[in-house]
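The values are calculated or read from the model by the stated rules, or taken from the named source; none is laboratory data. Quick caveat, the model's predicted, so the values are computed rather than measured. Here the Cβ is made from the backbone with ideal geometry for all residues, glycine too, and neighbour counts use every protein chain on show.
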Amino acid sequence: MGQAAGVAPVDVSARRAEASLEHPLKIDLVGRAFKQDPYPTFAKMRAAGPVIPVKLPFIGSIWMTTTHAAALAAVKDSELFVLEGRHAGKSGVAGMQWWMPKSIRLLANNMLTKDEPDHRRLRKLVDKAFARRGILEMRPEVEQLADRLLDDLAGEGEVDLLARYARRLPLYVICDLLGLREEDREAFAAWSERLAGVGGTFGMLRTFAGIGGMVKLLRAEIERVRAAPRDGLISELVRAEADGDKLDENELLSMVFLLLVAGFETTTNLIAGAIVDLEQNPDQKAWLLAAPDERMERAVEELARHVSAVQGTKPRYASRDVDFFGVHIQRGELMMAFPACADADPDVFDEPERLKLDRFPNHHLAFSSGIHFCLGMQLARLETQVAIDRLYARYPALKIVGIDALNYSLRPGIRGLRSLGVRLNHRMSAAA
């Protein structure tokens, strides 16, 4: 692989740049003010340089990109920035701590924490399973599900749209794709509710402690599928294992868990964040609703950029000493690309703080890039397009309750709401 832009060979006699992990910058990336409006913080980060040292909860000191060019270079160079410590003179997986529960370490054994060639082997199995159902062909099913969920809201004045719609739509879709039984779907839905309610460091620790129950549930489900195969990705993965593709028991378990969580949580935050963006920008909402069939696809790309539901990538180790965008990074030090800040880079996006649904071109990194780009990207796009289209076809005049004081989660790395109260305004809706 050729060297990425901004990367220079290292002169072993060169002095270390002034910036260092021993003196991380004091930047709040988890507080309510940041989650409500991250753009002032992004500007502060960029002013400090394209790559800066920060300190993150659970992870500690880490290099973080602030520009689009630096983020893109970091995620595309999978030889320079690696996930497995053995490729960088370390042990374990980047970002994992020794004190984390065994269940967390087990579930982290998935394709998102693997370098090549293991990443390619695991991803190939899931790509194969996904390919057996055309994502775009799922639109009628997703539309029917969205309509059923909206039917359940009929007659209610004020509802939590995140819990009742933005979360349930992608959750039910991924459960259907996996082939989960109805009773197991409800158990996972209850666990997802607890996960969504987590706030701050201690909340995350409590969530870690409760993951063991989900591991037991998924193990039992996999055994049932082995005994009586049925439609769904779990059966597809079990068959792949039986065909000799070297998917071991723990890899199978962690893969199913990854697909469950990645298949609904980020899309939930994107859908809810998109609704907030549209309500905060009535001119943009009006533009979209004037011709949704023609404009929705482009609009969702801009909403994905502006919401930035997944703010950072997984941490990676530097596999060698390198000068990278003006800083010297030593082998074994941690690096994180920060797509949220990249998608606010004024060198790439004109007036990035503004929502412009007709923005084109739109080279956002909301779904990342490189070998670890989002597997569920097409599904997330489809679900968000359908969710917005069906919601506003039914309730074009909905109003968010307390839109100036939204209830954001304080979880690191995620920009998502804990709840989204809305008044549906039936009398003004298209269904009235």
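How about the range 52-77: which of its residues are modelled with pLDDT of 95 or more and more than 15 Å from Leu21 (Cβ to Cβ)?
Matches in the range 52-77: Thr66, Thr67, His68, Ala69, Ala70, Ala71, Leu72, Ala73, Ala74, Val75, Lys76, Asp77.
For (1) modelled with pLDDT of 90 or more; (2) of a type outside the set (Gly, Ala, Ser); (3) part of a helix (DSSP H, G or I), each residue gets a yes or a no:
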{"site": "Asp115", "(1), (2), (3)": "no, yes, no"}
{"site": "His119", "(1), (2), (3)": "no, yes, yes"}
{"site": "Arg123", "(1), (2), (3)": "no, yes, yes"}
{"site": "Asp127", "(1), (2), (3)": "no, yes, yes"}
{"site": "Phe130", "(1), (2), (3)": "no, yes, yes"}
{"site": "Glu141", "(1), (2), (3)": "yes, yes, yes"}
{"site": "Ala146", "(1), (2), (3)": "yes, no, yes"}
{"site": "Leu149", "(1), (2), (3)": "yes, yes, yes"}
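Mind counting the residues in the range 379-417 that are under 15 Å from the mean Cα position of the chain (by Cα) and within 13 Å of Pro170 (Cβ to Cβ)?
Number of matching residues: 6.
What are the pairs with Cβ atoms under 6 angstrom where one residue, in the range 171-196, is crowded, with 21+ Cβ neighbours inside 10 Å and at pLDDT 75 or above and the other, located anywhere, is not acidic (Asp, Glu) and not in a helix (DSSP H, G or I)? Sequence gap at least six, or different chains.
If the second residue must be not acidic (Asp, Glu) and not in a helix (DSSP H, G or I), the pairs left are Leu178/Gly232.
Of these, Gly370, Gly402, Gly376, which one is surrounded by 21 or more Cβ atoms within 10 Å (Cβ to Cβ) and modelled with pLDDT under 95?
Exactly one of Gly370, Gly402, Gly376 is surrounded by 21 or more Cβ atoms within 10 Å (Cβ to Cβ) and modelled with pLDDT under 95, namely Gly376.
When you scan the range 279-303, how many residues do you find that are within 20 Å of Asp37 (Cα to Cα), part of a helix (DSSP H, G or I) and over 20 Å from the mean Cα position of the chain (by Cα)?
Initially, the range 279-303 is screened for residues within 20 Å of Asp37 (Cα to Cα), giving 279-285, 300-303.
Still in the list and also part of a helix (DSSP H, G or I): 279-280, 282-285, 300-303.
Those still in the list that are over 20 Å from the mean Cα position of the chain (by Cα) too: 279-280, 282-285.
Adding up the residues that qualify gives 6.
Which residue is surrounded by the fewest Cβ atoms within 10 Å (Cβ to Cβ), if the candidates are limited to the range 305-350 and must be in contact (Cβ under 8 Å) with a residue 60 or more places away in the chain and among the acidic types (Asp, Glu)?
The qualifying residue surrounded by the fewest Cβ atoms within 10 Å (Cβ to Cβ) is Asp347.
For the range 245-258, enumerate the residues that are surrounded by 20 or more Cβ atoms within 10 Å (Cβ to Cβ) and either within 12 Å of the chain's Cα centre (by Cα) or of a type outside the set (A, V, I, L, M, F, W, C) (or both).
Hits for the range 245-258 are Glu251, Ser254, Leu258.
Against the condition touching a Phe, Trp or Tyr at 6+ places or on another chain (Cβ under 6 Å), over 29 Å from Leu29 (Cα atoms) and either in a helix (DSSP H, G or I) or at pLDDT below 85 (or both), how does Ile222 come out, does it pass?
no
Here's a check for you: in the range 279-304, which residue that is among the hydrophobic types (A, V, I, L, M, F, W, C) and without any contact (Cβ under 8 Å) to a residue 24 or more places away in the chain is nearest to Asn407 (Cα to Cα)? Can you show your working first?
At the first step, the residues of the range 279-304 found to be among the hydrophobic types (A, V, I, L, M, F, W, C) are 286-291, 296, 299-300, 303-304.
Going one step further and asking which of them are without any contact (Cβ under 8 Å) to a residue 24 or more places away in the chain, we end up with 286, 290-291.
Details: Ala286: 25, Ala290: 30, Ala291: 31 Å.
By that ranking, first place goes to Ala286.
Could we say that Asp28 is within 21 Å of Leu365 (Cβ to Cβ), exposed (fewer than 15 other Cβ atoms within 10 Å of the Cβ), of a type in the set (Asp, Glu) and at pLDDT 90 or above here?
Working: within 21 Å of Leu365 (Cβ to Cβ): no; exposed (fewer than 15 other Cβ atoms within 10 Å of the Cβ): yes; of a type in the set (Asp, Glu): yes; at pLDDT 90 or above: yes.
No, not satisfied.
Could you check, for the range 262-278, whether at least one of its residues is more than 28 Å from Lys76 (Cα to Cα), surrounded by fewer than 23 Cβ atoms within 10 Å (Cβ to Cβ) and in contact (Cβ under 8 Å) with a residue 24 or more places away in the chain?
Within the range 262-278 (the criterion being more than 28 Å from Lys76 (Cα to Cα), surrounded by fewer than 23 Cβ atoms within 10 Å (Cβ to Cβ) and in contact (Cβ under 8 Å) with a residue 24 or more places away in the chain), the answer is yes, since at least one residue qualifies.
Using beta carbons and a limit of 7 Å, which pairs, at least six apart or on different chains, have the first residue in the range 76-88 and over 13 Å from Lys114 (Cα atoms) and without any contact (Cβ under 8 Å) to a residue 12 or more places away in the chain and the second one surrounded by 19 or more Cβ atoms within 10 Å (Cβ to Cβ) and small (Gly, Ala, Ser)?
Every condition considered, no pair remains.
Only one of Gly49, Gly95 is surrounded by 15 or more Cβ atoms within 10 Å (Cβ to Cβ), part of a loop (DSSP other than H, G, I, E, B), out of contact with any helix residue (DSSP H, G or I) (no Cβ under 8 Å at 6 or more places or on another chain) and modelled with pLDDT of 95 or more; which? Spell out how you get there, then give the answer.
Details: Gly95 fails: modelled with pLDDT of 95 or more.
Result of the check over Gly49, Gly95: Gly49.
List, please: which pairs have Cβ atoms under 9 Å, are six or more places apart or on different chains, and start with a residue in the range 22-45 that is farther than 17 Å from Leu355 by Cβ and end with one that is assigned to a helix (DSSP H, G or I) and of a type in the set (Val, Ile, Thr)?
Note: pairs meeting the criteria are Ile27/Thr41; Asp28/Thr41; Leu29/Thr41; Val30/Thr201; Ala33/Thr41; Phe34/Thr41.
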